[in-house]
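> What follows is a single structure, and I will ask about it in a moment.
The numbers here are math on the coordinates, done by the rules we state, and not lab data. This one's a predicted model, so the numbers in the text were calculated from it and none came from an experiment. Counting neighbours? That spans all protein chains shown, and the Cβs are built from the backbone with ideal geometry, glycine included.
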Number of protein chains: 2
Amino acid sequence: MIILNTGNGKGKTTSAIGQIIRSLGHGFRVCLIQLFKGESFYGEQKILVKLGNLDFFSFAKEHPHCIKNVSLDKVVSQCRSALEKLKDLSNVPEKYDLIVLEEFNVALRDKFIDEDEFIDIIKRLSQKSNVIVTGRGAPQLLIDIADLVTEMKEIKHPYKKGIQAQRGMEY
Amino acid sequence: MIILNTGNGKGKTTSAIGQIIRSLGHGFRVCLIQLFKGESFYGEQKILVKLGNLDFFSFAKEHPHCIKNVSLDKVVSQCRSALEKLKDLSNVPEKYDLIVLEEFNVALRDKFIDEDEFIDIIKRLSQKSNVIVTGRGAPQLLIDIADLVTEMKEIKHPYKKGIQAQRGMEY
């Protein structure tokens, strides 16, 4: 299955993390590939690296929208590396039960990775693994081929009342 | 803060689980109170019970909509016990950074717990802890007092294509 978590609301990443914990609880093998998530900024990264049965990769740790002075070429090249990693996974017989591709929707939206190539790869991957793709702005072509699509829709958000991002909640 | 995960889509529970993992990663103390979730049916329960800094309680393990021959009186009485547990938490000086109340929206919708009493308790709890409430059909009074509300909205679901619930994905 191909599963998409998209929309402007909270819960796209945390839901994927919860899904990883659920899968690991059943003894399944999981691969997590994160884009734009830094090294140990997010609380979940500190727990995930300690769990067995989970292979965890992080590419393009800084997104140009969030961190100034990041070279666009470098970001594109790191996203390319992430795509090569995915392609490798699709070509080996080794099988994960679940592959989570964090913020790949954003990389597609920003043209850091090629949509057709990405779709070709995850179509093949989804033959042997469940694949979750997260990030706002999922492209229509991806929605079309997905089996399960959820929009996390913001109904009310405290930023609008001036409350700042909290450690443990937003990161 | 009071945070609500509601809507008819996937990700309400898994997002709360991800939020727990995020908080624990920062060394925060978390309390999870689940309703209608059985004992060790959900994969995440097997991982969560092993994590430090998390107190985990489960009440009313069977919901009458899902399990036949469950006594309604028993369910109401167990939901009452969950509410008493919450009231205790609101009255002691001991503090959790995060309290997650799984499927309490459903218990409110089905009148298993009293809305006014629940709202009074979580208003007090939210003075010292972040409180996440999950479940479809969040009542309007709860939406009104919440700081952050996300609707998990189903855009596409494989059940509609006849694909069955998968271990590791839905539970």
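> If packing is taken as the average count of other Cβ atoms within 10 Å, what order do B:144-150, A:98-104 fall into, highest mean first?
Details: B:144-150: 19.6, A:98-104: 25.4.
The packing order, highest mean first, is A:98-104, B:144-150.
> Let me have the 222 nm mean residue ellipticity of chain B computed from DSSP H runs of 4+ only, each contributing -39500 (n - 2.57), with the sum over all residues rounded to the nearest 500. If you can, show how the numbers build up before the last one.
On the way: 6 runs with 63 residues, N = 171.
Mean residue ellipticity, 222 nm, calculated: -11000 deg cm²/dmol.
> Note down the Stokes-Einstein diffusion coefficient of chain B in µm²/s, whole number, using a Kirkwood radius over alpha carbon pairs, 20 °C, and 1.002 mPa s. Write down the numbers at each step before the final one.
On the way: Rh = 16.5 Å.
Stokes-Einstein gives a translational diffusion coefficient of 130 µm²/s.
> Next up: Relative contact order, percent, of chain A when contacts are C-alpha pairs under 8 Å separated by at least 6 residues? Intermediate values should be presented prior to the final figure.
Working: 281 pairs, mean separation 66.1, N = 171.
Computed value for chain A: 39 percent relative contact order.
> Could you give the dipole magnitude of the protein assembly as shown about its Cα centre, charging the beta-carbon of Lys and Arg +1 and that of Asp and Glu -1, in debye to the nearest 20? If you can, show how the numbers build up before the last one.
Working: 50 positive and 44 negative charges, 41 e Å.
In total the dipole reaches around 200 debye.
> Also, I was wondering about something else. Taking a label point 7 Å from Cα toward Cβ, how far is A:L72 from its twins in the other copies, in nm, shortest first?
Spacings between copies for this position, smallest first, are 6.3 nm.
> With 29 Å as the limit, write out which pairs from A:K12/B:K74; A:K12/B:K68; B:K50/B:K85; A:K46/B:K160; A:K10/B:K161; A:K61/B:K46 have Cα-Cα distances beyond it, or answer none. Before the final figure, lay out the partial values.
Working: A:K12/B:K74 36 Å; A:K12/B:K68 34 Å; B:K50/B:K85 22 Å; A:K46/B:K160 37 Å; A:K10/B:K161 27 Å; A:K61/B:K46 31 Å.
Table pairs above 29 Å Cα-Cα are A:K12/B:K74; A:K12/B:K68; A:K46/B:K160; A:K61/B:K46.
> Going by C-beta contacts inside 10 Å, put B:H157, B:H63 in order with the fewest on the left. Can you show the working numbers first?
Numbers: B:H157 15, B:H63 18.
So the residues, fewest neighbours to most, are B:H157, B:H63.
> Give me the one-decimal Kirkwood hydrodynamic radius in Å for the protein assembly as shown, with the sum taken over alpha-carbon pairs.
Details: mean 1/r = 0.0487 Å⁻¹.
Computed over the protein assembly as shown, the radius equals 20.5 Å.
> Shortest first and in nm to one decimal, what separations exist between B:S40 and its copies in the other chains, measuring from label points 7 Å along the Cα-to-beta-carbon line?
In ascending order, 3.2 nm.
> How many nm is it between the label spots at B:E84 and A:V92, if each spot is 7 Å from the Cα in line with the beta carbon?
Label-label distance for B:E84 and A:V92, simple model: 5.4 nm.
> Tell me, what HN-Hα J-couplings in whole Hz come from the Karplus equation 6.51 cos²θ - 1.76 cosθ + 1.60 at θ = phi - 60° for each residue of segment B:133-140, using x for Gly and Pro?
Going residue by residue, I get 10, 10, x, 5, x, 4, x, 4 Hz, with x marking Gly and Pro.
> If you plug each phi of segment B:96-101 into the Karplus form 6.51 cos²θ - 1.76 cosθ + 1.60 with θ = phi - 60°, what whole-Hz ³J(HN,Hα) values come out, in order, with x for Gly and Pro?
9, 6, 9, 10, 10, 10
> Let me ask another. What Rg and what Dmax come out for segment B:95-149 when only alpha-carbon atoms are used, in angstroms?
Reported Rg and Dmax, both Å: 10.5, 30.
> Return the sequence-ordered ³J(HN,Hα) values of segment A:162-169 in whole Hz as given by the Karplus equation 6.51 cos²θ - 1.76 cosθ + 1.60 applied to θ = phi - 60°, using x for Gly and Pro.
Each residue of segment A:162-169 in turn: x, 6, 7, 4, 9, 4, x, 10 Hz.
> Now for a different question. Any idea how far apart B:K74 and B:R124 come out in nm if each label point goes 7 Å out from Cα toward Cβ?
3.1
> Which value, in Å³ per residue, describes the convex hull spanned by the Cα atoms of segment B:20-60?
Working: hull volume 2.5 nm³, N = 41.
So the per-residue hull volume is 60 Å³.
> Sticking with the crude label model, points 7 Å out along Cα→Cβ, report the distance from A:H65 to A:E117 in nm, one decimal please.
2.2
> Right, next: Expected output is a single nm value to one decimal: the length gained when fully extending between B:F57 and B:I145, i.e. 0.36 nm times separation in residues minus the C-alpha distance. What is it? All intermediate terms of the calculation are to be shown ahead of the outcome.
Working: separation 88, 0.36 × 88 = 31.68 nm, distance 2.49 nm.
Length difference between fully extended and current span is 29.2 nm.
> Please name which of A:G27, A:L48, A:V131 has its Cα lying farthest along the dipole of chain A towards the positive end, using unit charges on Cβ (Lys, Arg +1; Asp, Glu -1) and the Cα centre as origin.
The Cα lying farthest towards the positive end belongs to A:L48.
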